[in-house]
Amino acid sequence: MGGVSRRAFAVAALSAFTMAPRASATPVPSAVPGPAEGPRGGGVATAGMRGMWLATVAGRDWPSRAGLRAAEQRAELVEYLDTAVRHGLNTVIFQVRPTADALWPSAYEPWSEYLSGSQGRDPGWDPLGTAVEEAHARGLELHAWFNPYRVATHDVPSRLVPSHPARKHPEWVVPYGGKLYYNPGLPEVRAFVQDAMMDAVEKYAVDGVHFDDYFYPYPVAGQSFDDGGTFSTYGGGFEAKAAWRRNNIDLLVRETADRVKRIRPAARFGVSPFGVWRNAGTDAAGSDTKAGVQTYDDLHADTRKWVREGWIDYIVPQLYWNIGLEAADYSELVPWWAEVARGSRTELYVGEALYKAGDPAQGAAWQDPAELSRHLTLARQHPEVRGHVYFSAKDVADDRIGAMARVSADHYARPARASRP
């Protein structure tokens, strides 16, 4: 990710809240057997998801720098898969379409600049194909992570390769907050981004299709997303633009789910949204939080609806806050999401902020190597929680203060079967 990231890392997780932790948080024992991982001991655990995100936007996790030789890039990628195995994980969520580009030979979009340093340049190998093959050889699931609407982390269309679809269809593109986005309100855009993603699903035996938290872009103070003309053309029947925008994202989710099942029935479709759907102060059905970002209102993503309607196979809310944080308490959000998932067909996994562990910019809770282990122990009190995913691969590998090693020792002592229920 570098200077850009999943927004929960770069903006919301750091600045959306008043970061005032409670005076104390009740300690939780570090290793209580539960439904997600099973008891410690010999044999193979009936694990849910034990995953890590492998981010490629701006080379956040991989490759270590653009322009490495193919053999060097491949070796680094395989080492991350080995890292997952060493820590008892069973799933890698690999970002293969970070900015309307591709980490495979795509029929629709150019090769990613994060590979060669130049958008459109063939890196001389197939990262996604290699990742699928090597993950499966190690008993890992490989989920392909796509960002549907982000075109570029800059706002200069001429910097895109001339053959880029955004250059050919400038009417599809909205500049906002220093970046370029495809306009989610255009039916032809929605169809195109699905076609681009399904190209990979058709070509590779991926175990999952994964979206992160970017739908409509996160709000930027003093700016508006310029889709008024699109609303005038396509928003008939919707009194409010916000409701129309949510419907656009609902359509993307439902249509993608249908296409995944048609093309690769064994693959699962999942989403990892920002961790707060709505605050209880906004909606009585919301969580007891004081978030500055709410997915329903700000990203126009009704993530609670997708779970309750069973449109997605799994959800991984990014609960990137410590136990006891007043504005967004992990111990409040886990039961809220468990209640949302209860009785639905959607599996609930929890996104964990491993990147905060040992970061000197974070509060005291994140300097304790046992904080994340306590998260898993707390989550085991809720049978709806079927696993955890860690952000991100570089932090799993580096493990600054041993937080990941503590999780592995306390909870992943037994090998894990694949995460599929």
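The values are calculated or read from the model by the stated rules, or taken from the named source; none is laboratory data. Being a predicted model, the structure only gives us computed values, none of them experimental. Here the Cβ positions follow ideal geometry from the backbone for every residue, glycine too, while neighbour counts run over all protein chains shown. Heads up: the accessible areas ignore ligands, DNA and RNA and are worked out on the full protein's heavy atoms, side chains in. Shrake-Rupley method; radii C 1.70, N 1.55, O 1.52, S 1.80 Å.
Selection within segment 209-221: residues that are in contact with a helix residue (DSSP H, G or I) (Cβ under 7 Å, 6 or more places away or on another chain) and surrounded by fewer than 22 Cβ atoms within 10 Å (Cβ to Cβ). The member of this set that is farthest from Val96 (Cα to Cα) is Pro219.
Whether any residue in segment 387-398 is of a type in the set (S, T, N, Q), in contact with a Pro (Cβ under 9 Å, 6 or more places away or on another chain) and more than 22 Å from Gln294 (Cα to Cα) is what I want to check. No, because not a single residue in segment 387-398 is of a type in the set (S, T, N, Q), in contact with a Pro (Cβ under 9 Å, 6 or more places away or on another chain) and more than 22 Å from Gln294 (Cα to Cα). Of the residues Gly286, Gly310, Gly275, only one is modelled with pLDDT of 95 or more, within 13 Å of Val340 (Cβ to Cβ), of a type in the set (Gly, Ala, Ser) and surrounded by 22 or more Cβ atoms within 10 Å (Cβ to Cβ); which? After applying the criteria, what remains is Gly275.
Just so you know, in segment 173-208 the residues that are over 21 Å from the mean Cα position of the chain (by Cα) and under 14 Å from Gly129 (Cα atoms) include one that is surrounded by the most Cβ atoms within 10 Å (Cβ to Cβ), and it is Lys203. Scanning segment 269-282 turns up no residue that is more than 25 Å from Ile323 (Cα to Cα), touching a strand residue (DSSP E or B) at 6+ places or on another chain (Cβ under 9 Å) and of a type in the set (Lys, Arg). I'd like to know if segment 379-393 contains one or more residues that are part of a helix (DSSP H, G or I), at negative phi and buried (at least 24 other Cβ atoms within 10 Å of the Cβ). Yes, some residue in segment 379-393 is part of a helix (DSSP H, G or I), at negative phi and buried (at least 24 other Cβ atoms within 10 Å of the Cβ).
All of (1) open to solvent by 10 Å² or more (accessible area, probe 1.4 Å); (2) over 26 Å from Trp62 (Cβ atoms); (3) in a loop (DSSP other than H, G, I, E, B); (4) among the hydrophobic types (A, V, I, L, M, F, W, C) hold for Ala361 with one exception: (2).
Of the residues making up segment 223-281, those that are within 27 Å of Leu180 (Cβ to Cβ), part of a loop (DSSP other than H, G, I, E, B) and hydrophobic (A, V, I, L, M, F, W, C) are Phe225, Phe238, Ala240, Val276. Scanning segment 127-148 for residues that are farther than 11 Å from Arg97 by Cβ and open to solvent by less than 40 Å² (accessible area, probe 1.4 Å) turns up Pro127, Gly129, Thr130, Ala131, Val132, Glu134, Ala135, Leu140, Glu141, Leu142, His143. Applying the set (1) open to solvent by less than 10 Å² (accessible area, probe 1.4 Å); (2) under 29 Å from Leu372 (Cβ atoms); (3) in contact (Cβ under 8 Å) with a residue 60 or more places away in the chain; (4) not small (Gly, Ala, Ser) to Leu77 leaves exactly one unmet item: (3).
Per-residue answers, yes or no, for (1) in contact (Cβ under 8 Å) with a residue 12 or more places away in the chain; (2) over 23 Å from Ala55 (Cα atoms); (3) among the basic types (Lys, Arg):
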position: Arg304; (1), (2), (3): yes, yes, yes
position: Gly310; (1), (2), (3): yes, yes, no
position: Ile315; (1), (2), (3): yes, no, no
position: Tyr330; (1), (2), (3): yes, yes, no
position: Ala353; (1), (2), (3): yes, no, no
position: Gly363; (1), (2), (3): yes, yes, no
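Given the conditions (1) open to solvent by 10 Å² or more (accessible area, probe 1.4 Å); (2) modelled with pLDDT under 95, and given that Gly48 satisfies all but one, which numbered condition is not satisfied? Among (1) open to solvent by 10 Å² or more (accessible area, probe 1.4 Å); (2) modelled with pLDDT under 95, Gly48 violates only (1). Listed by first and then second residue, the pairs with beta-carbon distance under 8 Å, at least 6 apart or on different chains, first residue in segment 130-150 and at positive phi, second open to solvent by less than 10 Å² (accessible area, probe 1.4 Å) and assigned to a loop (DSSP other than H, G, I, E, B), are Gly139/Asn90. Filtering segment 244-268 down to residues that are of a type in the set (Lys, Arg) and in contact (Cβ under 8 Å) with a residue 40 or more places away in the chain, which residue is farthest from Leu142 (Cα to Cα)? Here the answer is Arg245.
Looking across Leu89, Leu103, one residue alone is crowded, with 23+ Cβ neighbours inside 10 Å, of a type outside the set (Phe, Trp, Tyr), touching a strand residue (DSSP E or B) at 6+ places or on another chain (Cβ under 8 Å) and within 15 Å of Asp199 (Cα to Cα). It is Leu103.
If I filter segment 293-306 for residues that are open to solvent by 20 Å² or more (accessible area, probe 1.4 Å) and closer than 22 Å to Gly402 by Cα, do I get at least one hit? No, that holds for no residue.
Across segment 322-358, which residue is most open to solvent (accessible area, probe 1.4 Å) among those that are of a type in the set (Phe, Trp, Tyr) and assigned to a helix (DSSP H, G or I)? Among residues in segment 322-358 that are of a type in the set (Phe, Trp, Tyr) and assigned to a helix (DSSP H, G or I), the one most open to solvent (accessible area, probe 1.4 Å) is Trp336.
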